[in-house]
Amino acid sequence: MEDTTRSAKRIARDIVMSKTVEERILMCAEMYEDAKEFAKIGMPQGLTPEEQRSFIFRRIHGLTPTECILLN
């Protein structure tokens, strides 16, 4: 579904690309941390710390770390 105009996409891209490489890396890292927090919202109770890490990874990447290793 495309609900963003080309003009809006161009403006957003220009804003991001006007930042330094360091600022863009920091922005990406902050978004990843936000994604982890959103993944925790839907996490079932009672998981071990390892299960929690695997759950969060899967919610973000679509695979568990083990599945990623097996694909390579």
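Please treat every number below as a calculation from the coordinates, not as lab data. These numbers were taken from a predicted model, which means no experiment stands behind them. Ideal geometry is used to build each Cβ from the backbone, glycine not excepted, and the neighbour counts take in all protein chains shown.
Observations on the model:
- Verdict on Asp14 being out of contact with any Pro (no Cβ under 9 Å at 6 or more places or on another chain) and not in a helix (DSSP H, G or I): no
Listed here are the residues, each with its yes/no results for (1) exposed (fewer than 13 other Cβ atoms within 10 Å of the Cβ); (2) of a type outside the set (Ser, Thr, Tyr); (3) part of a loop (DSSP other than H, G, I, E, B).
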site	(1), (2), (3)
Tyr32	yes, no, no
Glu37	yes, yes, no
Pro44	yes, yes, yes
Leu70	yes, yes, no
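- Met43 within 24 Å of His61 (Cβ to Cβ) and out of contact with any Phe, Trp or Tyr (no Cβ under 7 Å at 6 or more places or on another chain): no
- Any hit, region 56-63, residues being exposed (fewer than 12 other Cβ atoms within 10 Å of the Cβ) and assigned to a helix (DSSP H, G or I): no
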